[in-house]
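Notes follow once the structure below has been shown.
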Amino acid sequence: QVQLVESGGGSVQTGGSLRLSCASSGLSIVYYGTGWFRQAPGKERAFVSGINLSGYSTYADSVKGRFTISRDNDKNTVSLPMKSLKPEDTAVYYCAAGSRWSSTVVSDMRYWGKGTLVTGSS
């Protein structure tokens, strides 16, 4: 069975940093697009960052220059180091995978983690 497990969430002051990690089992992420999505209270789940089969990274405009996505094929993990966090970044962050051709669209993802909460306070 496929399992994605996020870790690294927490609460930080404005300008702080966190590193999210996603551990995958039952799925070799090297063969799929993988991504991070987030959902804030009262908002729809939204794209944050993704990496495709070629290793090309894509970012939402709101996080460009602050977040970085990386993939460790040997460890079968995908990470999201985040810096310069803002209150607007507060959300539950989800790791997702399962599409061979997409890493940015919610409906294209087949597998999801349960999420990890990130809170940015001022």
Distance in nm between label sites at Val106 and Val30, each 7 Å beyond Cα in the beta-carbon direction? 3.2 nm
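Magnitude of the Cβ-charge dipole of the chain, K/R +1 and D/E -1, about the Cα centre, nearest 20 debye?
In total the dipole reaches around 40 debye.
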In nm, to one decimal, how far is the Ser121 label point from the Lys64 one, both placed 7 Å along Cα→Cβ? 3.2 nm
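Read the figures in this text as sums done on the coordinates, not as results from a lab. Predicted model only: the values in this text are computed from it and were never measured. Heads up, the Cβs are rebuilt from the backbone with ideal geometry, glycines too, and the neighbour counts pull from every protein chain shown.
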